[in-house]
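What follows is a single structure, written as structure tokens, with notes after it.
The values are calculated or read from the model by the stated rules, or taken from the named source; none is laboratory data. Just so it is clear, the model here is predicted, and its values are computed rather than measured. Positions of Cβ are backbone-derived with ideal geometry, glycine not excepted, and every protein chain shown enters the neighbour counts. The accessibility values were calculated without ligands, DNA or RNA, using every heavy atom of the protein model including side chains. Shrake-Rupley method; radii C 1.70, N 1.55, O 1.52, S 1.80 Å.
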Amino acid sequence: MKIGVLAVQGDFEAHGRALERLGAVAVYVRVPADLDGLDGLVIPGGESTTMLKFLENEGLFGAISNFAARRPLLGTCAGAILMATVVCRPAQRSLELMDIAIERNAYGRQVDSRIATLSPSSEFAERTAAGPLEAVFIRAPIIRRVGARARVLLEYHGDPVLVEQGPHLAVTFHPELTTDARVHGLFLEKASAK
Amino acid sequence: MYLDDGFRLKAGLAEMLKGGVIMDVTNAEQAEIAERAGACAVMALERVPADIRKEGGVARMAAIAKIREIQKRVSIPVMAKARIGHFMEARILEALKVDYIDESEVLTPADEEHHIDKRPFTVPFVCGARNLGEALRRIAEGAALIRTKGEAGSGNIVEAVRHMRTIQREMKQLTVLGKEELVAESKKLQAPLELVEYVAEHGKLPVPNFSAGGIATPADAALVMQLGAEAVFVGSGIFKSEDPDRRARAIVKAATHYNDAQKLLEASEELGEAMRGLDVAKLEPSELLQTRGW
């Protein structure tokens, strides 16, 4: 399976390693043509403002929108922000793939970043594996509203942190910075569906 | 010992900055220009290195009001510089909740023997290095991100290239040595054995490695990325150039497309004048910033 990782800025290499540990081939995407023939695309953590500039200026915004109509996307942190329908504090444009409202840097600045242990919902455990899940939050956003079309798969302190909508997944923490492969595994399952 | 949860968070933010450009800014307007151009973070300081060089005097941590103003204006991470060894400037910056502290040779050192013990801090630190020993000593003290020093405020890439090549070469050399040879290397490098062994096994530092000090053009940024930098700091190069806005955008583009000559050509076109720059070889030893830090 060939999975693209948007590589304009951020921790794209950590995603590449996580995907390769699961046997997928990681392809770094920097121009629209790089999307050809991919089974799915990961938008990594990083700065969403920086990535948005690139998407808008280099023809990637439309190309990824079109790609998302055909194949699954996984967005982590900045990636989740780019996939949300509504982005606030400050408001910015997004791909509008997930029926969620998301607030940027909602926990505060870097000193408020944290590593938490999540207790997966029974659905998440059934579809992946049971057991606590380590979640690394770095200047993370908070999902403030989940619309009817999206479903919450994981929560932290009552806030949704992993949301599914059709083929897509948006997550506010960084599964790529841990050795727990369940979130990437779930995504690869979706990407393997033809 | 180096990779506890606190440290993983510190190095984690550095991961998020990879492939990006961190720009020196001296006020909120410049910070806004940097953010609009696609900077992944800004470094708040009183004067850019080129002006520190020209004006002289003691260079200290930036005024708090200025850093606050910048924090209010942009949503990207805001870094600030503390003097080498000045752990109380660092404590103040931490209380201000800056996202990263640069213990920087660009400011006048406060301690000529000791760097800050960075481990007890919650805020992450970035430190400069000219060679592997220096990089590993800073990591041992708790730095979660290394940048090559280059020669700040010179607009001349030669020192950044020298330092990046040196660190890469010294890392490669370690990967072919036997266990017992690493003990001797640790002594030579004046760095903890544990870290020397990590580099020997992985061929890279346990934290991200960025480049700084003399980057003035998109081509400069691409060059240091080719040599192994994972992101770049640009100081005087942007706001000392003729058209900062356009140059900032061009350098951001170059940091992503450092492997794509066609994109680099586009980034290099219609740029206006770069900063004038200095011949580092003609500087007096006392004028060098890179020799600060031990």
Qualifying residue in the range A:10-17 (condition: in contact (Cβ under 8 Å) with a residue 60 or more places away in the chain, assigned to a helix (DSSP H, G or I) and surrounded by 19 or more Cβ atoms within 10 Å (Cβ to Cβ)): yes
Only one of A:125, A:148 that is in a helix (DSSP H, G or I), among the small types (Gly, Ala, Ser) and open to solvent by 10 Å² or more (accessible area, probe 1.4 Å): A:125
Residue B:159 buried (at least 24 other Cβ atoms within 10 Å of the Cβ) and not polar (S, T, N, Q): no
Residue B:254, sole failed condition from (1) within 13 Å of chain A (Cβ to nearest Cβ); (2) open to solvent by 10 Å² or more (accessible area, probe 1.4 Å); (3) among the hydrophobic types (A, V, I, L, M, F, W, C): (2)
Residue B:263 touching a His at 6+ places or on another chain (Cβ under 6 Å) and in a helix (DSSP H, G or I): yes
Enumeration of residues in the range A:69-84 that are more than 14 Å from chain B (Cβ to nearest Cβ) and either open to solvent by 10 Å² or more (accessible area, probe 1.4 Å) or touching a Lys or Arg at 6+ places or on another chain (Cβ under 7 Å) (or both): A:69, A:70, A:71, A:72
Selection from the range B:20-37 of residues that are within 13 Å of chain A (Cβ to nearest Cβ) and over 15 Å from residue B:246 (Cα atoms): B:20, B:22
Out of B:102, B:51, B:5, B:24, sole residue that is under 22 Å from residue B:207 (Cβ atoms) and either more than 17 Å from the chain's Cα centre (by Cα) or surrounded by fewer than 18 Cβ atoms within 10 Å (Cβ to Cβ) (or both): B:5
Scan of the range A:131-156 for residues that are small (Gly, Ala, Ser), more than 14 Å from chain B (Cβ to nearest Cβ) and touching a helix residue (DSSP H, G or I) at 6+ places or on another chain (Cβ under 9 Å), ordered by number: A:131
First in the range A:31-59 and over 16 Å from residue B:15 (Cα atoms) and more than 8 Å from every other protein chain (Cβ to nearest Cβ), second anywhere and of a type in the set (Phe, Trp, Tyr) and crowded, with 16+ Cβ neighbours inside 10 Å, Cβ under 7 Å, 6 or more apart: A:35/A:67; A:40/A:187; A:41/A:67; A:55/A:61
Residue among B:15, B:69 that alone is acidic (Asp, Glu), within 12 Å of chain A (Cβ to nearest Cβ), open to solvent by 20 Å² or more (accessible area, probe 1.4 Å) and assigned to a helix (DSSP H, G or I): B:15
Residue under evaluation residue A:118, criteria (1) under 23 Å from residue A:41 (Cα atoms); (2) open to solvent by less than 10 Å² (accessible area, probe 1.4 Å), criterion not met: (1)
